[in-house]
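Peer 1: I'd like to ask you about the structure that follows.
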Amino acid sequence: MADKTNNENKLSRRQFIKGVAGLGALMAVGGGLYAMKGSSVGRDVETTARNLFQDKQVQNIRHMVTADNSTRRNIMWKSAESLANPRVRVYSKGAGTQIPERLIAAKEDFFTDDGEEIKQYSVLLEDLFPGTEYEFAIETDDETSKPYSFSTASREKESFTMLIFPDSQSSDYADWRKVAHSAIEAHPTAEIFTNMGDLVDNGEDSSQWRAWFGAVEPVMNNLLFVPVMGNHECYDLKWQERLPEAYLHYFQVPDNGSASFDRYYYSFDYGPVHFVVLNTVEQEIRNFKTGLMEEQIAWLRKDLAGTKKTWKIVLMHRDVLQYRIARMPERKEGFSEEGEIFMPIFEEYGVDIVFTAHLHTYRNRGHILRGNHNAQGPLYILTGVAGNVRYDNLWTDHALDMVVAPQPETDNYLTMQVDGRRINIVCYLPDGTKLDEIAVNK
């Protein structure tokens, strides 16, 4: 009986083809793979498709930002199977270079989530030469990957382009794919990108993480990634709050010196900019850990006081303003809890620009100081939405809003062009339509 059951559960090539054909219909009604995930056939189709069409040894390569991006590069990737003696061979690109080739052993970071064991590896490349183009290949005892390339930042670097993606949480991630692909095609010289939290709709759902990675692959293969943790990274399959296990494993970011909240928040330098990535999920994790906000506030003051970079820019998921909602008259316009905590600190330490997310709407608030528009305060940009979870006409306009995206909103992304003592920020629709443009000068 056991043998018969196993044979009945195997997915034949004919069943697979039929399953893939049916996949299009499911995607069309918005459910996609997630509608199939609860069934054994759906799991089999998904697994077989991944095994047929993906490299079993090297998947989801990502270049993670480091504290010093002129001399370091953190390479991470996933594998469908355990690798024999994985390592990275790195060498400078171009003829006539005198930089010796190096071979660095990879570290394992396996973890289990959503009932699946995720096999992933990382290599921290150190003592690189600033302003240098490198190539690398991932090797095992059995295979060598195709070559990949990257460039370290020069120590004198003054100009670069950054892509800024709002929340990408989705039902099927097709819109997220379109936004990400459109952005990199339109801005091929971009060097670094961020996703402003709520990368996925459910932080435990492994099929959503695969969809997210698959959609952003052409961007992540080349650009440095700056992740921001959102509240949806802190939900389990039953929509109960939990610690953001998958997010913390998938993204190795610079150390913040915390024993309890390592990788929850961090900072780094790139060119003339000091970036601070804050964490705003205290209410989701407080039943598991406490003290995040108090610890982060002390760290933030010390971090901002210690930088000598020209610009100070903050990335954080939850927004600083509170909006009225038409059907909730008791909800008053004002400032969010995060705004009341952080905005005075931003003003005290001379933060120049603050990017936020969470509300799935694009709003340019201009410069705010002590609760009012003032050119001496930080510029606040609510970045919008990059997935297909939208809150059409939910929020009423805030008195501090200066530019609001046309309603109902579709997807958008932003570019930030840093050029010495000038920064230019543009908000685009995926088709290239320009929604807004802001310049900040020192």
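The values are calculated or read from the model by the stated rules, or taken from the named source; none is laboratory data. None of the values given here were measured: they were computed from a predicted structure. No Cβ is skipped: glycine too gets one built from the backbone with ideal geometry, and neighbour counts run over all protein chains shown. Side chains included, ligands, DNA and RNA excluded: accessible areas come from the protein's heavy atoms. Shrake-Rupley method; radii C 1.70, N 1.55, O 1.52, S 1.80 Å.
Peer 1: Please state, rounded to one decimal and in Å, the Kirkwood hydrodynamic radius that the chain gives when every pair of distinct Cα atoms enters the mean of 1/r.
Peer 2: That comes to 23.0 Å for the chain.
Peer 1: May I pose another question? Determine the order of His181, His360 by accessible area, beginning with the largest, at a probe radius of 1.4 Å.
Peer 2: Descending accessible area places them as His181, His360.
Peer 1: Right, another one. Based on DSSP H runs of at least 4 residues, each adding -39500 (n - 2.57), what is the mean residue ellipticity at 222 nm of the chain after dividing by all its residues, to the nearest 500 deg cm²/dmol?
Peer 2: -7500 deg cm²/dmol
Peer 1: For the pair Glu116 and Glu241, how long in nm is the line joining their label points, each one 7 Å along Cα→Cβ?
Peer 2: So the two model labels end up 2.7 nm from each other.
Peer 1: Just to be sure I understand: with springs between alpha-carbon atoms less than 10 Å apart, which residue in His232, His398, His63 has the highest mean-square fluctuation in the Gaussian network model of the chain?
Peer 2: Fluctuation is largest for His398.
Peer 1: Here is a further query. How large a share of the accessible area of the range 360-419, in percent, is made up of carbon and sulfur atoms when the probe is 1.4 Å and the other protein chains stay in place?
Peer 2: In the range 360-419, the share of accessible area belonging to carbon and sulfur is 47 percent.
Peer 1: Continuing with the same structure: Positive end of the dipole of the range 150-227, charges at C-beta (+1 Lys, Arg; -1 Asp, Glu), about the Cα centre: which of Val216, Val226, Ala186 has its Cα farthest in that direction?
Peer 2: Ala186
Peer 1: Could I ask something else about it? Counting only heavy atoms of the protein chains, get the accessible area per residue of the chain (1.4 Å probe) and round it to a whole Å² value.
Peer 2: 43 Å²
Peer 1: I've got another one for you. Mind giving me the FRET efficiency for Ala186 and Val403? R0 is 22 Å, r the Cβ-Cβ distance, nearest 0.05 is fine.
Peer 2: According to the calculation, E is roughly 0.60.
Peer 1: Longest exposed-loop-site-free stretch of the chain, with chymotrypsin sites (Phe, Trp or Tyr not before Pro), DSSP loop and at most 14 other Cβ within 10 Å?
Peer 2: In short, 111-238.
Peer 1: How big is the gap, in Å, between the Cα center of the range 132-211 and the Cα center of the range 240-266?
Peer 2: A separation of 19 Å, based on Cα centres.
Peer 1: Under a Cβ-Cβ cut-off of 15 Å, what is the net charge of the residues other than Val228 that fall near it, where Lys and Arg count +1 and Asp and Glu count -1?
Peer 2: -4
Peer 1: Out of every Cα-Cα pair in the range 302-442, what percent are more than 26 Å apart?
Peer 2: Summing the P(r) tail past 26 Å for the range 302-442 gives 23 percent.
Peer 1: Where in the chain are the helices, taken as whole DSSP H runs, whose Cα atoms extend 15 angstrom or more along the long axis and whose Kyte-Doolittle mean reaches at least -1.0?
Peer 2: Helices meeting the span and hydropathy rule in the chain are 13-28, 40-53, 174-186, 206-220, 292-306, 337-348.
Peer 1: With every protein chain left in place, what is the accessible area of Glu204 in Å² (1.4 Å probe, nearest 10)?
Peer 2: For Glu204, solvent-accessible area is about 40 Å².
Peer 1: Further question on the same structure: Just from the alpha-carbon atoms, what are the Rg and Dmax of the range 201-352 in angstroms?
Peer 2: When restricted to the Cα atoms of the range 201-352, Rg and Dmax are 16.7, 47 Å.
Peer 1: Pick from Gly257, Gly94, Gly203 the residue whose mean-square fluctuation is largest in a GNM of the chain, springs joining Cα atoms under 10 Å.
Peer 2: Maximum fluctuation in the GNM of the chain, among the listed residues, is at Gly94.
Peer 1: How about the range 231-315: which trypsin sites (Lys or Arg not before Pro) there lie in a loop by DSSP and see at most 16 other Cβ atoms within 10 Å?
Peer 2: Lys238, Arg286, Lys289, Lys308, Lys309
Peer 1: Let me ask something additional. Could you please put Asp397, Asp198, Asp431, Asp172 in sequence from largest to smallest accessible area, using a 1.4 Å probe?
Peer 2: Asp431, Asp397, Asp172, Asp198
Peer 1: To one decimal place, what Kirkwood hydrodynamic radius in Å is obtained for the range 68-220 from all pairs of distinct Cα atoms?
Peer 2: 17.4 Å
Peer 1: Another question, then. What is the extension gain from Asn441 to Ser149, computed as 0.36 nm multiplied by their sequence separation minus the C-alpha to C-alpha distance, in nm to one decimal?
Peer 2: 101.8 nm
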